[in-house]
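Some notes on the structure that comes next.
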Amino acid sequence: MIYSLTGKVFKIDDNTIAVDTGSMAFEVICSSFSVFELAGKSEIQTVLTYLQVREDAMCLYGFASKKEKLLFNDLISVSGVGPKMAITILSGLPVDDLVRAISASDVKTLTSIKGFGKKTAENVVLQLHSRFGGSDALESLVSGDTTAVSGKQVLSKEIEEAAEVLANAGIQKMKAIEIAKFNFVSGMTAEELVVACFKNLR
C-alpha cells in the first residue's frame, strides 16, 4: 500500500522518525537501529515501510534495510506479536543476532530484550524456526539474500507487495502470500495482481 518513502529523515525520538518527501512529512515508527542508521544524514534516503490500518488509526512502520523488513513481516505473522512488539524485538538486538538466536532456539538471548516475555519468545522460535525451514534459510537472510522469506519460498517483488496489501486488509500473512502466488501471471504489476486477488476473493 505504501512500499517506501523517499526524502530527508529527521529523528523525533528513539523509535520514531519523520520523512520529509517535499510536499508532506510522514511520521514513521522504527527500531532504534533503523533510527540510528537513517536519522541525521543530510542526503535523501529511501525508507522501506509497512502500513498498519486499524479502525481507529493508521500507523506507518519503517526499516533501514530489506532484511529488517522481511524479519518484521515474519515476526508479525506469529500469534501474539503485533507491529509494536515486532519493533520492540528489532530494537533489542541487531537483525543478524536475532536471526541466529531464532535459528539456535536461544530463548535466553531473546528474553534479554526488555518487554519480550519467555512465552512469546518460545512461540516465535517455534513458529519461525519451523517456517524458515532451519538454519540455511535463516542464514541466507543474515548474509543479505533478500529473496529469502517465510519457508524457503522465493517471492517476486510483485507477489510480496500484493501479499502485503492483502495482509493490511486483514488476511493472515501466509494465506495472503498463497493467494498472491495463485493469482500471479507473468508480466503482472503489483497493482494488477492486487486487483486480480480481490476480484477472485469476491
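A single member of 19, 107, 81 is in contact (Cβ under 8 Å) with a residue 12 or more places away in the chain, touching a Phe, Trp or Tyr at 6+ places or on another chain (Cβ under 8 Å) and among the β-branched types (Val, Ile, Thr), and it is 19.
Taking the range 2-42 as the range and being part of a loop (DSSP other than H, G, I, E, B), surrounded by 12 or more Cβ atoms within 10 Å (Cβ to Cβ) and not hydroxyl-bearing (Ser, Thr, Tyr) as the test, the residues that pass are 2, 15, 30, 39. Taking the criterion of being in contact (Cβ under 8 Å) with a residue 24 or more places away in the chain and part of a strand (DSSP E or B), the residues of the range 43-61 that qualify are 45, 46, 47, 48, 49, 50, 51, 52, 53, 59, 60, 61. Kindly check whether there is at least one residue in the range 133-150 that is modelled with pLDDT of 90 or more, of a type in the set (Val, Ile, Thr) and closer than 21 Å to residue 63 by Cβ. No, that holds for no residue. For residue 72, the conditions (1) of a type in the set (Phe, Trp, Tyr); (2) touching an Asp or Glu at 6+ places or on another chain (Cβ under 9 Å); (3) part of a helix (DSSP H, G or I) all hold with the exception of (2). Taking the criterion of being more than 19 Å from residue 58 (Cβ to Cβ) and in contact (Cβ under 8 Å) with a residue 40 or more places away in the chain, the residues of the range 156-189 that qualify are 172, 174. Restricting attention to the range 38-83, the residues being within 22 Å of residue 20 (Cβ to Cβ), acidic (Asp, Glu) and in contact with a helix residue (DSSP H, G or I) (Cβ under 9 Å, 6 or more places away or on another chain) number 1. For the residues 106, 74, the requirement of being charged (D, E, K, R), over 20 Å from residue 14 (Cβ atoms) and buried (at least 17 other Cβ atoms within 10 Å of the Cβ) singles out 74. Under the condition of being among the hydrophobic types (A, V, I, L, M, F, W, C) and closer than 15 Å to residue 7 by Cα, which residue from the range 43-59 is surrounded by the most Cβ atoms within 10 Å (Cβ to Cβ)? By that ranking, first place goes to 47.
The values are calculated or read from the model by the stated rules, or taken from the named source; none is laboratory data. None of these values were measured; they are calculated from a predicted model. Glycine also receives a Cβ, built like all others from the backbone with ideal geometry; neighbour counts cover every protein chain displayed.
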